[in-house]
Amino acid sequence: MENFLLRDGRIKKVIIIGLGQLGLPIAKYVKEKGFDTYGYDIEQKAIERAEKVASIKRADSFSDFDIYIICVSTHMPDDIFTPQIDGLLYIVEEISRKARNGAIVSIESTIPRGTSKKVFEILNHRLHVVHVPHRWYALEEIEHGVNQLRVIGGVHDCCLRAALQFYTGDGNNSNNNNANENRNLGIPLHTVSDIEIAEITKIAENAHRYLQIAFAEDLYLYCKTNNLSFPELREAINTKWNVNILEPRDGIGGHCLPKDTRMFLQSSKSIKSKILTAALEVDQDYRRHRQSRVELEVLCKDISK
Ligand SMILES: NC(=O)c1ccc[n+]([C@@H]2O[C@H](COP(=O)([O-])OP(=O)(O)OC[C@H]3O[C@@H](n4cnc5c(N)ncnc54)[C@H](O)[C@@H]3O)[C@@H](O)[C@H]2O)c1
């Protein structure tokens, strides 16, 4: 695939597939940037919400888009801690049947290593494929929202160039001389030469965060066993300029850190990360400890009644 093959060299019509916690703000942002923005989700409620709160158009079919942004969930339906990409691959099969040559598929969901190349195969090498994972953080949407610095990789160089035109305005598309029509998302991107680096970047970032919290849990359990005050120890350690011990709180949760850490652990062909395997065990020990404390508190309350 040499050229972008976009309609008269421009990206106009965009579809966001998966309108959940992350997909909805993406759709909103894309629309605000002036693109003709459509949405799709398996949940009717998600589509209705996108129509209502952001005037996103409902897509009746996957044909005729310039760019397909995939933001569906990548965990098992009944277990948010376990990675699963069946839904994402199903969507790609649907796109493959309907999309025209040279359109772009941008995977913004978090995915296991090797997924982007698999997607390119399913699309019979007809569409450009890039991976642009997110660092979106619900509690700080202004500072850490859709348009913060992200990493991008393409299956081929032409995929990357086609997508850069959409995300940043770069991409050397000489067909487009009209500055007014050169819309882009204005998102700063760090380009990598191998799409697997983009895939691993996201899951290793979250594995790193997982480790930091697991260490806090470990230290907390150490304090409990040795009769020390964890808050006091933490406060004392954190007076050092290059240390920031986190709070263990309720254990490592949410639908990103545990799932992405497992994706990272499964991503190596041979050697598995020993330190992450241990961190998963620490989190289980910590949760067991929390649970037994809760049970003890309930028992004490019942006795004192
Ligand atoms: N929410 C975050 O803070 C965050 C941050 C970074 C990355 N991510 C990643 O983004 C992706 C989406 O996360 P989210 O938080 O928006 O999840 P979510 O569960 O809030 O939303 C996912 C949406 O995808 C839809 N969906 C699932 N399977 C589908 C299918 N086959 N076809 C169409 N729609 C489908 C669901 O109905 C849902 O509306 C995940 O891979 C997640 O790891 C999320």
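The values are calculated or read from the model by the stated rules, or taken from the named source; none is laboratory data. The model shown is predicted, which means the values in this text are computed figures rather than measured ones. We place every Cβ from the backbone using ideal geometry, glycine too, and count neighbours over all the protein chains shown. To get the accessible areas, we keep the full protein, side chains included, count just its heavy atoms, and leave off ligands, DNA and RNA. Shrake-Rupley method; radii C 1.70, N 1.55, O 1.52, S 1.80 Å.
Selection of segment 220-234 for residues being surrounded by 18 or more Cβ atoms within 10 Å (Cβ to Cβ) and farther than 13 Å from residue 289 by Cβ yields only 234. Answer with yes or no whether residue 275 is surrounded by fewer than 14 Cβ atoms within 10 Å (Cβ to Cβ) and at negative phi. Judged against the criteria, residue 275 is a match. Of all the numbered requirements in (1) in contact (Cβ under 8 Å) with a residue 24 or more places away in the chain; (2) not assigned by TED's automatic domain parsing to the domain that holds residue 163, residue 227 misses one, and that requirement is (1). Quick one: in segment 263-298, of everything that is among the β-branched types (Val, Ile, Thr) and part of a helix (DSSP H, G or I), which residue is nearest to residue 223 (Cα to Cα)? By that ranking, first place goes to 282. When residues in segment 109-121 are screened for being part of a helix (DSSP H, G or I) and more than 14 Å from the ligand (Cβ to nearest atom), 4 of them pass. For segment 20-29, the count of residues that are basic (Lys, Arg), surrounded by fewer than 16 Cβ atoms within 10 Å (Cβ to Cβ) and either within 20 Å of residue 167 (Cα to Cα) or modelled with pLDDT of 95 or more (or both) is zero.
The set of residues in segment 257-295 being more than 27 Å from residue 204 (Cα to Cα) and modelled with pLDDT of 95 or more consists of 289 alone.
If you go through segment 34-45 and keep only what is surrounded by fewer than 17 Cβ atoms within 10 Å (Cβ to Cβ) and near the ligand (Cβ under 10 Å from one of its atoms), you end up with 42, 43, 44, 45. Going through (1) closer than 19 Å to residue 107 by Cα; (2) open to solvent by 70 Å² or more (accessible area, probe 1.4 Å) one by one, residue 60 falls short only on (1). Suppose the filter is away from the ligand (no atom under 16 Å from the Cβ), at pLDDT below 90 and of a type in the set (A, V, I, L, M, F, W, C); does residue 298 pass it? Yes, satisfied.
None of 152, 104, 91 is near the ligand (Cβ under 9 Å from one of its atoms), within 26 Å of residue 29 (Cα to Cα) and crowded, with 17+ Cβ neighbours inside 10 Å except 91. The residues of segment 106-154 that are basic (Lys, Arg) and touching a residue at least 60 places away in the same chain (Cβ under 8 Å), listed by number, are 113, 117, 126, 135.
For segment 68-77, the criterion of being under 26 Å from residue 147 (Cβ atoms) and more than 10 Å from the ligand (Cβ to nearest atom) is met by at least one residue. Set side by side, the residues 99, 50 differ, and just one is crowded, with 22+ Cβ neighbours inside 10 Å, of a type in the set (Gly, Ala, Ser) and in contact with a Gly (Cβ under 6 Å, 6 or more places away or on another chain), which is 50.
In summary, residue 141 fulfils each of the numbered conditions (1) open to solvent by less than 40 Å² (accessible area, probe 1.4 Å); (2) within 13 Å of the ligand (Cβ to nearest atom); (3) under 18 Å from the mean Cα position of the chain (by Cα); (4) over 18 Å from residue 200 (Cβ atoms) with the single exception of condition (1). Does segment 202-214 include one or more residues that are in a helix (DSSP H, G or I), within 16 Å of the ligand (Cβ to nearest atom) and within 30 Å of residue 13 (Cβ to Cβ)? So far as segment 202-214 goes, yes, one or more of its residues are in a helix (DSSP H, G or I), within 16 Å of the ligand (Cβ to nearest atom) and within 30 Å of residue 13 (Cβ to Cβ).
Residues that are at positive phi, open to solvent by 60 Å² or more (accessible area, probe 1.4 Å) and in a loop (DSSP other than H, G, I, E, B) are absent from segment 235-247.
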